[in-house]
Amino acid sequence: MEQAMRNFFLFLSKNKSMTKLAKKYGLRFGAARFVAGSSIVQATAVIRELNKQNLAVTIDYLGEFVDNEEEANAMAKECVEAIRAIGKEHLNSQLSLKMTSMGLDISEEVVMKNMRMILDEATRQNVFVTIDMEDYGRCGQTIDIFKRLKSEYDNIGTVIQAYLYRTEKDIDDLNHYSPNLRLVKGAYKESPEVAFPDKKDVDESFKRIIKTHLLNGNYTAIATHDDAMIEYTKQLVEEYNIPYDQFEFQMLFGIRVERQHELVKEGYKMRVYVPYGTDWYGYFMRRLAERPANVAFVLKGVMKK
Ligand code: FDA
């Protein structure tokens, strides 16, 4: 049942008509629990509040199905504005973005032009940028773009998904770049040809890449809401004397908020991924796919209206 619901929401997340409709009508159906608002002004207010609570942030301007250059350029400009807003107020925030929203489905040339514009501004404002990882079909290209940009800029990292079979090899190859990586389980619906279908295999793979990347001496963001993975990391850190400034935990805005605060109190660095923008629909559907309890929450919200 849970798997069927997951597939259903992942299927909905890819619906272009719903995406367009959602943009028109603004945050609905409880999406505001996971999305910080539709504008950078609303988003910076949220960052300020989180920073006050000793939570670091990475901000993400939402955008799905970008398939023309004009739209990709507009997305890139919005990212530059976000970086300036962070810099202006010296907020404790990074930026996360997706290669498709920078024009990956148009051409690599468009992506590189937009990324260099963003990274130039990010360098001026001392803001770190993370390339999110999307579906398997775009993984290889995203890693290649990351490698090219990493040889030009220091302030860039990317995401590695534990559920892919290729992941351990990617971690080894990327080690040459001493990269700052965010490690996640993986959020897209992938075929068993390319990704572990069983959760327990994904968890084992997640543990292996956390260990390898940390012991390679690289900065590691462990992005998960799963206590088992958090406990595993804590033990590893103690066992191998890994300095606390070599890693951080990350969670999504609106998810396990109490746990976020607990980790800060325990002395760990905790970063919250804060999405904003009018294009909230696909992101929201992926969050519902992850956890049926979120669906119950949304239904309660809809009933109350
Ligand atoms: P998982 O969903 O496996 O849940 C394990 C356990 O965690 C649950 O059984 C429960 O105990 C606990 N838990 C989870 N959610 C909870 C909740 N809402 N309340 C209480 N307990 C809960 N993916 C991707 O493909 N590309 C990307 O670029 C990113 N980026 C990214 C950034 C950040 C900061 C995060 C946190 C996540 C991502 N992801 C991602 C998403 C990631 O791949 C994954 O889909 C989700 O984090 C869900 O997996 P978890 O590891 O959180 O645990």
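The values are calculated or read from the model by the stated rules, or taken from the named source; none is laboratory data. None of the values given here were measured: they were computed from a predicted structure. In this analysis, Cβ positions are derived from the backbone assuming ideal geometry, glycine residues included, and neighbour counts consider all displayed protein chains.
Does region 153-162 contain at least one residue that is over 28 Å from residue 260 (Cα atoms), buried (at least 16 other Cβ atoms within 10 Å of the Cβ) and not hydroxyl-bearing (Ser, Thr, Tyr)?
No, region 153-162 has no match at all.
Condition test on residue 244, is it more than 12 Å from the ligand (Cβ to nearest atom) and either under 19 Å from the mean Cα position of the chain (by Cα) or loosely packed, with under 15 Cβ neighbours inside 10 Å (or both)?
yes
Looking only at region 205-232, filter to residues that are assigned to a loop (DSSP other than H, G, I, E, B) and over 19 Å from the mean Cα position of the chain (by Cα); which one of those is surrounded by the fewest Cβ atoms within 10 Å (Cβ to Cβ)?
The qualifying residue surrounded by the fewest Cβ atoms within 10 Å (Cβ to Cβ) is 217.
State whether the residues of region 286-299 include one that is more than 9 Å from the ligand (Cβ to nearest atom), at pLDDT below 95 and crowded, with 22+ Cβ neighbours inside 10 Å.
Yes, that holds for at least one residue.
Working only within region 63-94, note down all residues that are charged (D, E, K, R) and in a helix (DSSP H, G or I).
69, 70, 71, 77, 78, 81, 84, 88
So for region 256-265 (the condition being near the ligand (Cβ under 10 Å from one of its atoms), among the acidic types (Asp, Glu) and modelled with pLDDT of 95 or more), does at least one residue qualify?
Checking region 256-265: at least one residue is near the ligand (Cβ under 10 Å from one of its atoms), among the acidic types (Asp, Glu) and modelled with pLDDT of 95 or more.
Condition first: of a type in the set (A, V, I, L, M) and within 22 Å of residue 157 (Cα to Cα). Now tell me which residues in region 203-243 satisfy that.
The answer is 209, 210, 214, 215, 221, 222, 223, 229, 230, 237, 242.
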